[in-house]
Amino acid sequence: MRHVLVAGGAGFIGSNFVHYLFGKETPPSRITVLDKLTYAGNRSNLAKWENDPGFCFIQGDIRDPKASGEALQGVDAVVNFAAETHVDRSIYGATDFINTDVLGTYILMEEARKNGIKRFLQVSTDEVYGSIEQGSANEEAPLNPSSPYAASKAGGDLIALAYHKTHGLDVVITRCTNNYGPYQYPEKLIPLFITNALTERSLPLYGDGGNVRDWIYVEDHCRAIDLVLEKGESGGIYNVGGGQERNNVQVTHGILDLLEKPKSLITPVKDRPAHDRRYAVDDKKIRAMGFKPSVTFEEGLAKTCHWYQEHRDWWLRIRERDSEFKRFYELHYNNRETS
Ligand code: NAD
Ligand code: DAU
């Protein structure tokens, strides 16, 4: 089987994807992870495979042509997860987002072209379509990003499509909805609220809490990526949905109920600027290939709460010892006005 390069494989979805690939009946012959280990990257997420002869970890930046070129040696297929990913951080400053999500995607892709890589899967997001108040966005919908993060991801997608058209690089793109599950850095809604609740801190809910996301359990997303990697049409874009729309109040109540914590922990705070009201994708295309999410939101949320309860050391290390977590938390939440 193939040698797969997983860029950004020490992050949340990337590390789940490595676990998913190794768990397959016929795993790839080799998996190489290239990851810069930013604040969001965590090598311990991959500890299980460190001594596996089929696994190789390279600490490096996708923006560095040398690191990317070396990591690509002998590789058949690339799956690019590497990105700056937190919308709120992109509001304070977008330099890292543009550098990694646009320029980094270009550099990794250019090195892939030079090295004759057979297939390049760019992991993208439903946020590139912007807020979808009614109905759902299919793959032909216009790109209408609201945040600097989403705009950077849209830039990466356009570079990928241009490489397909101009250079014939075999590119496929997936655009997935909100993921949740094990190993998610505790700054996004679900892991932040679970770990805040477990430490009796307040849950800062933006605005009226009525914003809607379509939640997908991370393993389902990994299965969809694998399917597109194997069977996607060259140059194709594939939306991936969870079919589990919930607003933020529903998500928050779900977490508090599962953890048996009081609703009084909820603190409504000032809204996020340009906060997209709703994301929803039309995912008929990937469903026609046989993909169907297997985990309901209620099952997935219970599994996720359980994982964070059982892995306190993993997230306490970040929350209590990682200065970057503390810096951003203080900047973003301390003295945040109530709404
Ligand atoms: P994450 O922030 O948990 O992980 C990102 C990883 O990329 C980290 O390991 C980080 O160290 C690495 N990285 C960042 N910059 C790098 C660089 N310049 N060179 C090499 N490595 C670098 O992110 P995630 O939530 O796992 O998201 C992974 C991908 O999936 C992203 O491209 C994101 O846009 C996309 N996505 C995420 C979601 C979601 O809900 N989390 C949904 C749809 C799509
Ligand atoms: O839709 C896919 C995207 O989902 C991915 O591309 C992004 O990488 C990922 O971060 C996620 O973006 P969101 O902005 O939807 O996720 P986040 O967890 O930051 O926020 C989810 C919702 O919860 C959103 O409506 C904002 C709200 N929220 C979030 C935080 C962090 C709060 O109310 N309070 C908070 O403290």
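The numbers here are math on the coordinates, done by the rules we state, and not lab data. All values derive from a computational prediction rather than experimental measurement. Backbone-built Cβ (ideal geometry, glycine too); neighbour counts: all protein chains shown.
Quick notes
- For the chain, share of DSSP beta bridges that run antiparallel, in % to the nearest 5: 10 percent
- Kirkwood Rh and Cα Rg combined as Rg over Rh, evaluated for region 55-124: 1.00
- In plain terms, if you count all Cα to Cα distances in the chain and split them into 20 Å steps from zero, the share in each step is 32, 61, 7 percent.
- Between His167, His19, His86, the GNM of the chain built on Cα springs shorter than 10 angstrom shows His167 fluctuating the most.
- Shape call, region 91-168: gyration tensor on alpha carbons, a/c limit 1.5: oblate
- Note on Lys284/Gln134: beta-carbon distance plugged into 1/(1 + (r/R0)^6) with R0 of 22 Å gives a FRET efficiency of 0.80.
- With each label modelled as a point 7 angstrom along the Cα→C-beta vector, the Lys263-Lys326 pair spans 3.5 nm.
- Listed residues Tyr238, Tyr92, Tyr206, most fluctuating in the chain (Gaussian network, C-alpha, under 10 Å): Tyr92
- Cα-centre dipole for the chain with unit charges at Cβ (Lys and Arg positive, Asp and Glu negative), debye to 20: 220 debye
- Reported value for region 170-271: 111 Å³ per residue, from the convex hull of its C-alpha atoms.
- log10 of Debye I(q)/I(0), alpha-carbon scatterers only, for region 1-82 at 0.20 Å⁻¹: -0.80
- Ranking Leu203, Tyr183, Pro293 by Cα position along the charge dipole of the chain, where only Lys, Arg, Asp and Glu carry charges on their C-beta atoms, puts Tyr183 farthest toward the positive end.
- The ranking of Leu46, Leu158, Leu72 by Cβ neighbour count inside 10 Å, starting from the fewest, reads Leu158, Leu72, Leu46.
- Area projected by the alpha carbon convex hull of region 125-192, averaged over all directions, nm²: 6.0 nm²
- Residue order, fewest to most surrounding Cβ atoms within 10 angstrom, among Met289, Met109: Met289, Met109
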